[in-house]
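Have a look at the structure below before the remarks.
What follows draws every value from the coordinates through simple rules; no lab data is involved. Computed from a predicted structure; not experimentally measured. Every residue, glycine among them, receives a Cβ derived from its backbone with ideal geometry; neighbour counts consider all protein chains shown.
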Amino acid sequence: MKPTTSSKKLIENLAGVALDTLGAPIILDLIRSWQDAKILSRKQAYDLRRVIRRLSKPPESQTNN
């Protein structure tokens, strides 16, 4: 993990570590179960899945914002 002074970037980096530890497929299954249980709307689940997929990509394929 690279040093950063940005709180947002630090949180994204920590989320990436959690994804590496738990595995993206497990998190995606959890999001699906929340959507099936009507805890999340279709749009909310879509947004979460999009973020999970972005964070689970290797760092060299991510673009810097």
Burial-style ranking of 23-31, 1-9, average other-beta-carbon count within 10 Å with highest first, yields 23-31, 1-9
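Using 1/(1 + (r/R0)^6) with R0 = 30 angstrom and r between the beta carbons of S56 and T5, what's the FRET efficiency to the nearest 0.05?
0.75
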How tilted is helix 7-22 with respect to the longest principal axis of the chain? Cα atoms for both, answer in degrees (0 to 90, nearest 10). 60 degrees
Within-13-Å neighbourhood charge of Q35 [Cβ basis; K, R +1; D, E -1]: +2
Kindly provide the helix-only [θ] at 222 nm of the chain, computed as the sum of -39,500 (n - 2.57) over DSSP H runs of four or more divided by all residues, to the nearest 500 deg cm²/dmol? -21500 deg cm²/dmol
Amide H proximity to L40 below 5 Å, modelled H, separation 5+ or other chain, gives Q35
